Structure formats: structure tokens, C-alpha cells
Amino acid sequence: MHQRPAVALFATVAAAALIAPPARAAEPVAASPAPAIEPAASEGAEPDRSDVTVTAQRDGYATPDTITATRTPTPLRDIPQAITAIEREQIDDQAFRSISDVLRYVPGAIAAQGEGNRDQIVLRGNNTTADFFVDGQRDDVQYYRPLYNLERVEVLRGPNALSFGRGGGGGVINRVTKAPTPGNFGGATASADTYGAWYVDGDVNFRLTDKLAARVNGLREGFNNHRQVYGGFVTAVNPVVKLFADPNTAFTLSYEYVNDDRVADRGIPSLGGRPVAGFRDTFFGVSGINRSRFTGNVARGVVEHRFSDALGVTGRLLYGDYNKFYGNVFPSGAVSGGRVPVQGYIDFTFRENLLSQTDFVWRGRTGAVEHTILAGFEFGTQRTANSRLNGFFDGVAGTTGGGLTATAPLANPFVAPPIVFRPGSGQRNNRTDADIFAGYLQDQIKLGPVELLFGVRHDRFNLTATNLLTAQAFERRDTVWSPRAGIVVHPAKPVSLYFSYARSFLPQSGDQFTSLDLTAAALAPERFDNFEVGAKWEPRSGLLVAANIYQLDRTNTRAAGPVAGTTVLTGAQRSRGLELEARGAINPDWQLSLGYSYQDARITTTTSAAPAGRRVALVPEHSFSAFSRYNVTQRFGVGTGVSYFSSSFASVSNAVTLPGYARVDAALYYKLTKAVEVQANIENLFNAGYFPTAHTDNNISTGAPISGRLTLRLRY
């Protein structure tokens, strides 16, 4: 697919929005104004419900405003940054089950494989396992995040350390959770697909008193797919209680438990620079060893208080206890001579997070100028223990690397040599203590049709890493200023033209603190600078059209020094691109999600990983996605979707190519009663063969053939 047809299709949809009849007003979704405390005004809250059974109108795919990007309630149209929000309705309509599913419909975003045990993303050419947030608070442990308790998933593209702190070089993903509201309502879902995967979930809201409401979401899911060896379960529950103490004060307490146990599947190897053919379903691991187990216990509290109509404060506190284990045997090299090199290891991670945010927001005027001033601070501690044991092929003939690598015949089914996990080469046992303190100040200025945004954040990030095997300890302290600036001009009320600049940083210890050594402890953080020009247009309420072009530079990246064995920070990477998007209601019966991106991400100055000129891994030059739901009658609806990705490289070696592909999906919806709906989704309708993502050149994920999912949904 070329850029010009995509732009033409984008323009066609925008024109259709202009000539379509006006949409009926959907139920409002309040966006959590920080200083204002009203029932149902929390981030992700649903509108008020009565005590009797309700059958509310569907809210649609559009998101009117958010507090995530600026930490103040701001319409998406007026934020000088690219943001895609995938609402609950679209998640349900397309039967999304994971963050990876969501990202297929976000321009400039790619789901990485994550070694078959975690969410991992590539945003504007920058790969990360840690740039995840929940209701604006850091959620950086490596695991698969379920979608059962969400109002929406927000994908912010481009660095923005002012709002999020370290990392986020290419952007971040923020999950907005459901919150209690006054009223009694609820729902439940049961679903199963043609591979035998299934899930049941529930969402119940209670009005306990005039001032107290509670909400409970729960999930039980069983996994299966087209692969020879796959399966597992996830159980999750999230009770939340909210007290409206008085018209100016509210307290929210929540707890979430997640237990995820599944096969860790790292896909197939390559042959001749392409994924090996004929082995789509073959499992290149060891059943019983390839396993990922995660348990998370997270408690959160939020206090909102309004001192006056002009001044309010929001305080957030999070405590999280996380336990992660995974083991795997995987292809470690390309197929050669009919044999597959394999390696293996097991890994344990324990982490405790204690994170606090406090935001003061003041709204006022100085003459004709309106101000929304944010002042706040953030502090936290993160305690992590991580250990790893490599697998050894003791007694296996032909092993290399001190017994770390063996080969096995390329066959279906694949049988790996016997492996033993024990202390030895490559063993790791580390403890890291991270302490974070930050303060930030931001002013959103409005003067007629012009809006300005200026802000700066100061971070002090201290990290101590102890190697428990050698008793060596390394410490580093990063003290960093992160500015942000933007201008929005409204030539007409529904149109925003903007320019923005933002910066972020990443300590040389990496996003999971695993690479701190004597060299890294002495090096300045990596730096991310993003310049963006864009336009947003709201042709009607409930529909937003957006376009932007950007340049994102990553500098202070490690490279080999002029003296052998030394390291210097001269490496650099540059991402340039165009992103187009339309999301919302064309008319009352027609919901649309449409996105296109052009990306050019490459190494511009030689790094320790690759020479200048190499293309960044997992970044297709062109990607396009579209999904549309149309209600033919009040009871019956149809959905169609397509996603296209041009070819990309499996790694920065540029030695293995993932072929481009297009996938078509379809759906049918039927309301049995006002409260009961049945839904059928067909994925990969034309049975395309494809390879959606990878982790290195020889851990390549395979796309599933045509499959179906039947869902029964109850709302009351």
C-alpha cells in the first residue's frame, strides 16, 4: 500500500463525515477534572445510572477529553500531541483480548513479541517493556495486561517526561480503569473461540449509600490457539470503593489481583533471511519448561479535594507487589544444514513499587489571558530482585558455547535435546533499589484562538545495583530537566493546528534496571527529543480527525570508543513519520476507527548494536488499519476491518525480513433483548499467512489462520 491511496481514503472518510446527518448526542463520559469533585467525574467513570435496570445508549469510539497527556482535563482536540484512545466499545466490538490486539489499530505503534511472556511495544521506532501506566501511574513490570476492567486504552506517541518521568522515548500506554458511580448496574460476558480459548467476566456497580459506591470487575480466561503447544489461564479481580465525602472531597480505594499462568511461546526460526516455511504451528520449545507465571497484587488510593472553584488537588498512592517467573527453550540461531540451534534459561523477578503523585491545579485569569496551572511532585521507591540460570546441554554431543547451545533436527514435531538449568556461565543474581523524586510546573495559556503550553519537570533518579554473586555494588544518580512546549491555534472552532516540542530521558541501566555496571554507572542518560506538527478536526461531536508529522531523535546511545574496550555516547537514532487517524461516529449508526502511518526509523550514527544506516527492528514503512461497525437495524449490526503492514526487519541486524501482509476481519451483532446481545467475530477471514512480530531474528511469531469467536453479553 502506498501513501497516496491511504491519504485519499482518509480524505474520503472525512468528507463522508461532513455530509452525514448530525449524530445523536451520546452519553457523556466524564474525564476526571482534577480540582472538581462530582459524582461520576473520575477518570474512566461511567455516567450516572438510576437504581433500576438501564439499557444505556452506546458511547461510541470517540474520546472527548483526558487528563493523561497534560495531567489536567483537556479535550483531545486541544492537546499538542498525537493520542489514540481505544474505547471500551471498540474493545468489545472487535473482541480484543490483549494490548497487542489494541495496537493493530493505533498508527505508529507495533506490538513486539516480548519473548512470549510479556507485553512489549515499539512506538515511533523505540522498543520498550516498561512504558506502561494505569490511571497515570507507572506499571512497569513485565507481564501481560488484561483488558477486563478498562474504560479505554490510551496510546500517547512522542516523549513526554513532564507527565510521565523517565522513559517513554517513543510514547507510553495508559490504561484507564472503570470507577464506581452512584447507581446499581452491571454486566457479564461469556465467550469462546474455535480453538477452545474462552473467557467469562463480570462488572457490577453498587450504590451502598448516598455517598458511597462500589464496583467489582472480575475475569477468568483460558488460553488456546493454533500452535501445537499452548494453553494457560488468567484470573483477575478488581474491587473499587469510592466515597463522596462532601461536594468538594472524594476518596477512592482499589485493589487488583492478577494471576497469569501460560505457555511461553517464542515462535519459529529463520532460514535464508525469512521465517522458515512450513512450520507455522510447530512449537520450538519444551512443554513444561516453556512457561510464564505472574502474580500481581496492587493497591491504589486517590484523594480529590476542591478548595474553591479555582483550586483543587489530587493525590494518588500506589503499592504494588509483583512476582514473575518464566522458563524457555528457544531457537537461538537460523536453521543451518537442516538443524536448529537452541538455548534456554529460567528467570525470576520480584518487585515492590511504592509510588506517589500529588497535583495542584489552579484555573484563573490575568486580564484577557486564561491560565490552567499545574504544580506537582512525585516520589517513589522500586525494589527489584532478579535472578537467571542458563540451561546447559550436559552430555549432549556437539554443544558449543560451554554447553549453552545445542542443535536439533528441523522437524515437526520439534524435539530439543535434554537441558539442565544450573549455576554456571551467564548466571545472574541482582538486587536494585531505585528512588525517584520529581517536581513539575506547567501553564496552559489561552488567549482567544491561541493556546500555549509551557512546562518543565526536574527528576532526581537514584539507582543502586548489587551483584549478589560477587558482592559488587554500583550506584548512579541522574538529575535531569525535561521541558515541554506547544502552541495550538484555532482558525475555526472545530479545528486545531499545533506545533510541539518535548523531551524525555532513559538512564543507561535500561528500562528494567538489568544493565547497570561500572561503565553504565558513569554514563549520562539517553535523550529523546520530539518535534511534531499536526492538525485535529472535529467535524461533529463524537468524531475526531487528526494528522501529524514528526521527527524523534534518540541520542546519547552507547557506541564503541576509539580505544578498544571503552564506551562513548555518540550513537544516535532518528524516526520520522506521518500519522493519520479518524475515530468516532460518522452518524448515529456508524462507528469508525481508521489509521495510517508512514515511518522511517534508522540508526543515524553507529551504536554498539548496529552501524549507521541500519533500519530499526519491527518498524514497517507503511501500516494501515480500519474497522467499521454499522447498525443495520436497532437489533442487527455488522462490522468489517482490515489491517495492513508492509515488510519490516526482525532485528536491527536487518538480516531477516518479516514479509508484509494484510488481514481482514468481520463481525455480526444481534440484540436478543434490550439487555442481551450476541456477537460473532471472524478473524483473518481470507486465511492469510503472516508473521506479525518477532523477538530477534529467530524468535518469529506466526499469525493464526481463520478463526471464529462467539460472545454473549449481558447488561442490566
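The values are calculated or read from the model by the stated rules, or taken from the named source; none is laboratory data. Note that the structure is a prediction, hence the values are computed from the model and not measured. Note that we place each Cβ from the backbone using ideal geometry, even for glycine, and neighbour counts take in every protein chain shown. Note: areas computed on protein heavy atoms with side chains; ligands, DNA, RNA excluded. Shrake-Rupley method; radii C 1.70, N 1.55, O 1.52, S 1.80 Å.
Restricting the stretch 301-314 to residues that are assigned to a loop (DSSP other than H, G, I, E, B) and not polar (S, T, N, Q), which is least open to solvent (accessible area, probe 1.4 Å)?
Kept after step one, since they are assigned to a loop (DSSP other than H, G, I, E, B), are these residues of the stretch 301-314: 307-310.
Keeping just the survivors that are not polar (S, T, N, Q) gives 307, 309-310.
On the way: 307: 121, 309: 143, 310: 29 Å².
So, considering only residues that are assigned to a loop (DSSP other than H, G, I, E, B) and not polar (S, T, N, Q), the one least open to solvent (accessible area, probe 1.4 Å) is 310.
I'm trying to understand the selection: among the residues of the stretch 414-429, which are outside any strand (DSSP E or B) and not charged (D, E, K, R)? Walk me through how you get there before you give the answer.
First pass over the stretch 414-429, keeping only residues outside any strand (DSSP E or B): 414-419, 422-427.
Residues satisfying the conditions are 414, 415, 416, 417, 418, 419, 423, 424, 425, 426, 427.
For residue 160, indicate whether it is crowded, with 22+ Cβ neighbours inside 10 Å and at pLDDT 95 or above.
no
How many residues, within the stretch 539-571, are farther than 30 Å from residue 81 by Cα and not small (Gly, Ala, Ser)? Even if it seems obvious, please write down each step before you answer.
Going residue by residue through the stretch 539-571, those that are farther than 30 Å from residue 81 by Cα are 559-568.
Those still in the list that are not small (Gly, Ala, Ser) too: 562-563, 566-568.
Result for the stretch 539-571: 5.
Being crowded, with 19+ Cβ neighbours inside 10 Å and outside any loop (DSSP other than H, G, I, E, B) narrows it down to one residue among 488, 456; which is it? Break it down into steps so the answer makes sense when it comes.
Numbers: 456 fails: crowded, with 19+ Cβ neighbours inside 10 Å.
Exactly one residue qualifies, and that residue is 488.
Only one of (1) crowded, with 18+ Cβ neighbours inside 10 Å; (2) closer than 16 Å to residue 110 by Cα; (3) touching a Phe, Trp or Tyr at 6+ places or on another chain (Cβ under 8 Å) fails for residue 648. Which number is that?
(3)
Condition first: of a type in the set (Gly, Ala, Ser), in a strand (DSSP E or B) and either free of Cβ contacts under 8 Å to residues at least 60 places away in the same chain or surrounded by fewer than 19 Cβ atoms within 10 Å (Cβ to Cβ) (or both). Now tell me which residues in the stretch 315-352 satisfy that.
To start, the set of residues in the stretch 315-352 that are of a type in the set (Gly, Ala, Ser) comprises 315, 320, 327, 332-334, 336-338, 344.
Retained after the next criterion (residues that are in a strand (DSSP E or B)): 315, 320, 327, 336, 344.
Within the stretch 315-352, 315, 336 meet the criteria.
List the strands (runs of 3 or more DSSP E) inside the stretch 136-216, counting only whole elements, that have at least 3 residues being of a type in the set (Val, Ile, Thr). Walk me through it before giving the result.
Numbers: elements: 150-157, 171-177, 185-193, 198-207.
Because the criterion is at least 3 residues that are of a type in the set (Val, Ile, Thr), the strands (runs of 3 or more DSSP E) in the stretch 136-216 that meet it are 171-177.
Kindly indicate whether any position in the stretch 390-412 is of a type in the set (Ser, Thr, Tyr), part of a strand (DSSP E or B) and within 24 Å of residue 510 (Cβ to Cβ).
The first filter runs over the stretch 390-412 and keeps only residues of a type in the set (Ser, Thr, Tyr), leaving 399-400, 405, 407.
Next cut, part of a strand (DSSP E or B) only: 400, 405, 407.
Subset that is within 24 Å of residue 510 (Cβ to Cβ): none.
No, because not a single residue in the stretch 390-412 is of a type in the set (Ser, Thr, Tyr), part of a strand (DSSP E or B) and within 24 Å of residue 510 (Cβ to Cβ).
Looking at (1) open to solvent by 30 Å² or more (accessible area, probe 1.4 Å); (2) on the phi > 0 side of the Ramachandran plot; (3) not in a strand (DSSP E or B), which one does residue 524 not meet, given that it meets all the others?
In the conditions (1) open to solvent by 30 Å² or more (accessible area, probe 1.4 Å); (2) on the phi > 0 side of the Ramachandran plot; (3) not in a strand (DSSP E or B), residue 524 misses (2) alone.
Looking only at the stretch 130-144, count every residue that is open to solvent by less than 10 Å² (accessible area, probe 1.4 Å) and within 25 Å of residue 344 (Cα to Cα) and tell me the total.
Qualifying residue count for the region: 3.
Please name all residue pairs, on different chains or six or more residues apart, with Cβ atoms under 6 Å, provided the first residue is in the stretch 136-151 and is in contact (Cβ under 8 Å) with a residue 40 or more places away in the chain and the second residue is assigned to a loop (DSSP other than H, G, I, E, B) and charged (D, E, K, R).
142/118; 143/118; 144/119; 145/119; 149/178; 151/178
Answer yes or no: is there a residue in the stretch 653-666 that is in contact with a Ser or Thr (Cβ under 9 Å, 6 or more places away or on another chain), open to solvent by less than 20 Å² (accessible area, probe 1.4 Å) and in a loop (DSSP other than H, G, I, E, B).
yes
Quick check on my filter: what residues within the stretch 217-228 are open to solvent by 20 Å² or more (accessible area, probe 1.4 Å) and part of a loop (DSSP other than H, G, I, E, B)?
The answer is 224, 225, 226, 228.
Determine if the stretch 437-453 includes at least one residue that is touching a strand residue (DSSP E or B) at 6+ places or on another chain (Cβ under 6 Å), open to solvent by less than 50 Å² (accessible area, probe 1.4 Å) and farther than 30 Å from residue 498 by Cα.
no
Enumerate the pairs (first residue in the stretch 116-129 and in contact (Cβ under 8 Å) with a residue 60 or more places away in the chain and assigned to a strand (DSSP E or B); second residue anywhere and open to solvent by 10 Å² or more (accessible area, probe 1.4 Å) and of a type in the set (D, E, K, R)) with beta-carbon separation below 7 Å, excluding pairs fewer than 6 apart on the same chain, so at least 6 apart or on different chains.
126/554; 128/511
(1) on the phi > 0 side of the Ramachandran plot; (2) aromatic (Phe, Trp, Tyr); (3) part of a strand (DSSP E or B): which one isn't true of residue 513, the others all being true?
All conditions pass for residue 513, except number (3).
Being in a strand (DSSP E or B) and open to solvent by 50 Å² or more (accessible area, probe 1.4 Å) is the filter here; which residues of the stretch 353-372 pass it? Quick ask: steps written out before the conclusion?
Initially, the stretch 353-372 is screened for residues in a strand (DSSP E or B), giving 353-366, 369-372.
Correct list: 354, 360, 362, 363, 365, 366, 370.
Just to be sure I understand, how many residues within the stretch 247-281 are open to solvent by less than 40 Å² (accessible area, probe 1.4 Å), within 30 Å of residue 306 (Cα to Cα) and either modelled with pLDDT under 95 or among the aliphatic types (A, V, I, L, M) (or both)?
Looking only at that region, the number is 1.
In the stretch 568-589, is there at least one residue being open to solvent by 10 Å² or more (accessible area, probe 1.4 Å) and β-branched (Val, Ile, Thr)?
Looking through the stretch 568-589, at least one residue is open to solvent by 10 Å² or more (accessible area, probe 1.4 Å) and β-branched (Val, Ile, Thr).
Among (1) at pLDDT below 95; (2) under 27 Å from the mean Cα position of the chain (by Cα); (3) crowded, with 20+ Cβ neighbours inside 10 Å, which single condition is residue 550 missing?
The single condition residue 550 does not satisfy is (1).
Can you pull out every residue in the stretch 478-520 that is among the hydrophobic types (A, V, I, L, M, F, W, C) and modelled with pLDDT under 90?
Filtering the stretch 478-520 for residues among the hydrophobic types (A, V, I, L, M, F, W, C) gives 480-481, 485, 487-489, 492, 495, 497, 499, 502, 505-506, 513, 516, 518, 520.
Scanning the stretch 478-520 gives 513, 516, 518, 520.
Have a look at 71, 77 and point out the one that is assigned to a loop (DSSP other than H, G, I, E, B) and either free of Cβ contacts under 8 Å to residues at least 40 places away in the same chain or over 15 Å from the mean Cα position of the chain (by Cα) (or both).
71
Where residues in the stretch 68-94 are out of contact with any helix residue (DSSP H, G or I) (no Cβ under 8 Å at 6 or more places or on another chain) and hydrophobic (A, V, I, L, M, F, W, C), which of them is surrounded by the most Cβ atoms within 10 Å (Cβ to Cβ)? Lay out the reasoning, then the answer.
Filtering the stretch 68-94 down to residues out of contact with any helix residue (DSSP H, G or I) (no Cβ under 8 Å at 6 or more places or on another chain) leaves 72-82, 84, 87-90, 92-93.
Still in the list and also hydrophobic (A, V, I, L, M, F, W, C): 76, 79, 82.
On the way: 76: 24, 79: 25, 82: 30.
If we take residues in the stretch 68-94 being out of contact with any helix residue (DSSP H, G or I) (no Cβ under 8 Å at 6 or more places or on another chain) and hydrophobic (A, V, I, L, M, F, W, C), then 82 is surrounded by the most Cβ atoms within 10 Å (Cβ to Cβ).
Residue check: is residue 640 exposed (fewer than 13 other Cβ atoms within 10 Å of the Cβ), among the hydroxyl-bearing types (Ser, Thr, Tyr) and without any contact (Cβ under 8 Å) to a residue 40 or more places away in the chain?
Working: exposed (fewer than 13 other Cβ atoms within 10 Å of the Cβ): no; among the hydroxyl-bearing types (Ser, Thr, Tyr): yes; without any contact (Cβ under 8 Å) to a residue 40 or more places away in the chain: yes.
In short, no.
Among the candidates 240, 216, 229, 234, which residue alone is over 24 Å from residue 715 (Cβ atoms) and among the aliphatic types (A, V, I, L, M)?
Numbers: 240 fails: over 24 Å from residue 715 (Cβ atoms); 216 fails: over 24 Å from residue 715 (Cβ atoms); 234 fails: over 24 Å from residue 715 (Cβ atoms).
Result of the check over 240, 216, 229, 234: 229.
Just to check your reading of the model, which residue among 244, 233 is out of contact with any Cys (no Cβ under 7 Å at 6 or more places or on another chain) and open to solvent by 50 Å² or more (accessible area, probe 1.4 Å)?
Selected residue: 233, the only one of 244, 233 that is out of contact with any Cys (no Cβ under 7 Å at 6 or more places or on another chain) and open to solvent by 50 Å² or more (accessible area, probe 1.4 Å).
Which of the residues spanning the stretch 459-474 are open to solvent by 50 Å² or more (accessible area, probe 1.4 Å), at pLDDT below 95, in a strand (DSSP E or B) and of a type outside the set (S, T, N, Q)?
Pass one, the stretch 459-474, residues open to solvent by 50 Å² or more (accessible area, probe 1.4 Å): 460, 468-473.
Of the ones still in play, those that are also at pLDDT below 95 are 468-473.
So of that shortlist, the ones also in a strand (DSSP E or B) come out as 472-473.
The one that is open to solvent by 50 Å² or more (accessible area, probe 1.4 Å), at pLDDT below 95, in a strand (DSSP E or B) and of a type outside the set (S, T, N, Q): 473.
Among the residues of the stretch 679-694, which ones are at negative phi and open to solvent by less than 40 Å² (accessible area, probe 1.4 Å)? Give the derivation first.
As a first pass, look at the stretch 679-694 and keep what is at negative phi: 679-683, 685-686, 688-694.
Listed by number, the residues that qualify are 679, 680, 681, 688, 690, 693, 694.
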